[in-house]
Amino acid sequence: MKAVKQKEKKNYTRILNKSLKIFFSTAWRITLSHPSQAYFFFRTVRWQMKAAKRRGEIGKEGIHVPAIIIYSITDRCNLSCKGCYAQALHTSTESEMNADKMRETIREARGLGVSFMVLAGGEPFVRREILDIIGNFKDVIFFVFTNGTLIDGELADRIKRIHNLVPIISLEGNRLETDSRRGSGIFRSLSEVIGRLQKRHIFFGTSVTVTSSNFDIVEDGQFVRDMHRSGCRLFFFVEYTPIDSTTEAWEITDNQRRALSGLMESFRARFPALFISVPEDEKDFGGCLSAGRGFVHISAQGNIEPCPFVPYSDTNLRESSLKEALKSNFLAAVRENSDRLEEGKGGCALWNKREWLNAILAEKKHTADVKEQ
Ligand code: SF4
């Protein structure tokens, strides 16, 4: 059994590394009309290979370094969207890690061979200090998932100068869907923001939370066509994960879920852009990529968690280095039992297994307590 798991691990890691290389090679081809962007993605492809090699080296020490780190640098946000998982799940009153600790964490991640970082929140741009930090690590690419409303002319000019920052604007579809979830007038201000990014030839993306109510908008393709015409070259479709009973009806139906992968294939064939469907695309890697299989999540307080949707942890970066934290027994237990995480019921398979996660943590704590006695 151990040999099978080792072989599987070797296999999905190889597939993931290859997919990252293909992903950034595609980004390079898509941006050829903009030499500065193309040159950046060309360098990124080379960096991806170096990073994968570095992860392999650290792997020989028995430490599983994920290719991607999702870092929610703040829980603060200037909006309060309906059904926001960040505001529902990340309610810690503990202070956020300061700028020095953020920089140190990113430096260590780069040193361990983390290929790219996803910065999330809350709203990441409420922490403007992150712009200087991103500028310090030119060979690491940062996807910044933002509600976009803070991107005025001054910030757009700064983003233009930071090639390794890719803003990913959150939308719910068109005006009606976006304003009904995010607030009146948000869609109009985001249209202006997208205009600013396009005028400056900034490589940007969008992230759409796919629900049972906006699925038709996504499916008919007009939204993708309009966004592509507006300069968007990277599309994330993230299946909504109901965090409580009040939003269970937002979850897409089984028929819609079955249609999603076909839809992504048709978009990839029709538009010169990159399309990622979460968690749908994880199937290509043998299922859920959380807990370090493909990515880990760092909370604003420094907790190392399997996924942004799952605020469970047994390690914190205030007490240990990132390298030490990646040795987490909790993460290892989730990774080694990833076959338990059958997708299919509501976006995040791990969120649906909260009792199991609690049991792992309780058992780990009990073992630690016994050891201390
Ligand atoms: S912008 Fe994002 S973090 Fe802020 S309230 Fe909306 S969904 Fe939540």
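The values are calculated or read from the model by the stated rules, or taken from the named source; none is laboratory data. If you're wondering where the values come from, they're calculated on a predicted model, not measured in any experiment. We place every Cβ from the backbone using ideal geometry, glycine too, and count neighbours over all the protein chains shown. Protein only, heavy atoms only, side chains kept; ligands, DNA and RNA dropped before computing areas. Shrake-Rupley method; radii C 1.70, N 1.55, O 1.52, S 1.80 Å.
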Completion exercise
Expected field for residue 114, accessible surface area in Å² at 1.4 Å probe radius, rounded to 10, holds 0
Handout entry: the stretch 302-373-the stretch 226-286 distance, computed between alpha-carbon centres (Å)
Key = 26
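If a/c stays under 1.5 just call it rounded; otherwise compare a/b with b/c (prolate if a/b is bigger, oblate if not). Do that for the chain, with a ≥ b ≥ c from the square roots of the Cα gyration tensor eigenvalues. List each step's numbers first, then the result.
On the way: a/c = 1.41, a/b = 1.28, b/c = 1.10.
It comes out rounded by the Cα gyration axes.
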Fill in the blank from the handout: Helix-only [θ] at 222 nm, the chain, -39500 (n - 2.57) per DSSP H run of 4+, per residue, nearest 500, equals -14500 deg cm²/dmol
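Expressed as a whole percentage, what fraction of the accessible surface of the chain belongs to carbon and sulfur atoms when a 1.4 Å probe is rolled over the protein heavy atoms?
Values: 8870 of 16750 Å².
Carbon with sulfur: 53 percent of the solvent-accessible area.
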Handout entry: Among beta bridges that DSSP assigns inside the stretch 64-372, antiparallel share in %, nearest 5
Key = 10
Problem - Of 228, 90, 34, the one that fluctuates the most in a GNM where the chain has Cα springs shorter than 10 Å - result: 34
Exercise for the section: Heads up, I need the accessible area for residue 53: 1.4 angstrom probe, whole protein in place, Å², nearest 10. Expected result: 140
Exercise for the section: Mind checking which of 12, 92, 296 is farthest towards the positive end of the chain's charge dipole, using Cβ charges of +1 (Lys, Arg) and -1 (Asp, Glu) about the Cα centre? Expected result: 12
Handout entry: Accessible area in square angstrom per residue, the chain, 1.4 angstrom probe
Key = 45
Handout entry: Lys, Arg +1 and Asp, Glu -1 on Cβ, resulting dipole of the chain about Cα centre, debye, nearest 20
Key = 1760
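With a 1.4 Å probe and all protein chains in place, put 30, 130 in order of accessible area, largest first. Write out the running numbers ahead of the final one.
On the way: 30 35, 130 5 Å².
Highest to lowest solvent-accessible surface, that is 30, 130.
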Practice task
For residue 234, enumerate residues with amide H under 5 Å from its amide H, sequence gap 5+ or separate chain, H modeled in the peptide plane.
Solution key: 206, 274
Handout entry: Square roots of 5 times each gyration tensor eigenvalue, C-alpha, the stretch 42-107, largest first, Å
Key = 32, 15, 13
Problem - Solvent-accessible area of residue 72 with every protein chain in place, 1.4 Å probe, in Å² to the nearest 10 - result: 10
Handout entry: Solvent-accessible ranking of 199, 60, largest area first, probe 1.4 Å
Key = 60, 199
Completion exercise
Across 69, 298, 22, the residue with the highest GNM fluctuation in the chain (Cα network, 10 Å cutoff) is 22
